[in-house]
Amino acid sequence: MRKTVIQSEDDPLFPVFCEICESSFPLSERRSPEDQRRLFSIDAYALEAWVEGDLPAGFLGWWDCGDLRYVEHFAIHPDCRSAGYGSRFLSEWMSESDLPVLLEIEPVTDEITRRRQRFYHRKGFKDNEIIHYQPPYHRETPAVHLWLMSYPQPLTPAAYEKFRRIQQTEIMPSFH
């Protein structure tokens, strides 16, 4: 298993990342491939892949927000799900920095979303009671109500406001 950083749209893993994102996230929670390409020129953004043999087992797209790291997308290849890859990848990535980590999940409404929340709880993430709406990725999609989870502790209101400003002005498209 090796980790690699995808640094351009010319990387052979980039189209696979786009396919996995398309199958793992609804349109309202992912960028278009064109918007994703634009991120390669932003120093605060990184797109990492874990490869097992020839199979890209998973991807993690994240932002360095100064005093925390924000996970925008974390997805495991369908052929690698429920095999411990997600847990290994996330643990490895989290061990690379002492900065707190923030991510968004869909509100828990069914067994799939409940399993996702439990997965993050097992990794030490905490629920946040802050009401949060992810700004829209596309003109035709609305803001999305998502739950925030953070590691190693819940966000303070001040830390959330700082993140929200960064998300609205630097991370997300300007048309929100």
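A few notes on this one:
- Residue pairs whose Cβ atoms lie under 6 Å apart, sitting 6 or more positions apart in sequence or on different chains, and linking a residue in segment 23-42 that is under 22 Å from ARG81 (Cβ atoms) to a partner that is in a helix (DSSP H, G or I), are ARG30/CYS21.
- Residues being under 20 Å from CYS65 (Cβ atoms), open to solvent by 60 Å² or more (accessible area, probe 1.4 Å), touching a Ser or Thr at 6+ places or on another chain (Cβ under 8 Å) and not acidic (Asp, Glu) are entirely absent from segment 101-119.
- Boolean, GLU92 is part of a loop (DSSP other than H, G, I, E, B) and farther than 14 Å from TYR70 by Cα: no
- Filter pass, TYR133 being more than 14 Å from LEU90 (Cα to Cα), of a type outside the set (Gly, Ala, Ser) and in a strand (DSSP E or B): yes
- Segment 68-92 - residue that is farther than 20 Å from ILE6 by Cβ and in contact with a Lys or Arg (Cβ under 8 Å, 6 or more places away or on another chain) and, of those, surrounded by the most Cβ atoms within 10 Å (Cβ to Cβ): SER87
- Hits in segment 1-24 (condition: in contact with a strand residue (DSSP E or B) (Cβ under 7 Å, 6 or more places away or on another chain) and surrounded by 14 or more Cβ atoms within 10 Å (Cβ to Cβ)): LYS3, ILE6, LEU13, VAL16, PHE17, ILE20, CYS21, SER24
- When SER95 is tested against the conditions (1) under 22 Å from ILE166 (Cα atoms); (2) open to solvent by 10 Å² or more (accessible area, probe 1.4 Å), the lone failure is (1).
- Within segment 18-65, the set of residues being part of a helix (DSSP H, G or I) and hydroxyl-bearing (Ser, Thr, Tyr) comprises SER23, SER24, SER28, SER41.
- Considered as a group, the residues in segment 141-166 that are of a type in the set (Ser, Thr, Tyr) and assigned to a loop (DSSP other than H, G, I, E, B) include one that is least open to solvent (accessible area, probe 1.4 Å), and that residue is THR141.
- Within segment 33-56, if we keep just the residues that are among the small types (Gly, Ala, Ser) and either under 15 Å from ASP11 (Cβ atoms) or crowded, with 21+ Cβ neighbours inside 10 Å (or both), the residue that is nearest to the chain's Cα centre (by Cα) turns out to be ALA46.
The values are calculated or read from the model by the stated rules, or taken from the named source; none is laboratory data. Computed from a prediction, not measured in an experiment: that's the story for all the values here. No Cβ is skipped: glycine too gets one built from the backbone with ideal geometry, and neighbour counts run over all protein chains shown. Only protein heavy atoms, including side chains, enter the accessible area calculation; ligands, DNA and RNA are left aside. Shrake-Rupley method; radii C 1.70, N 1.55, O 1.52, S 1.80 Å.
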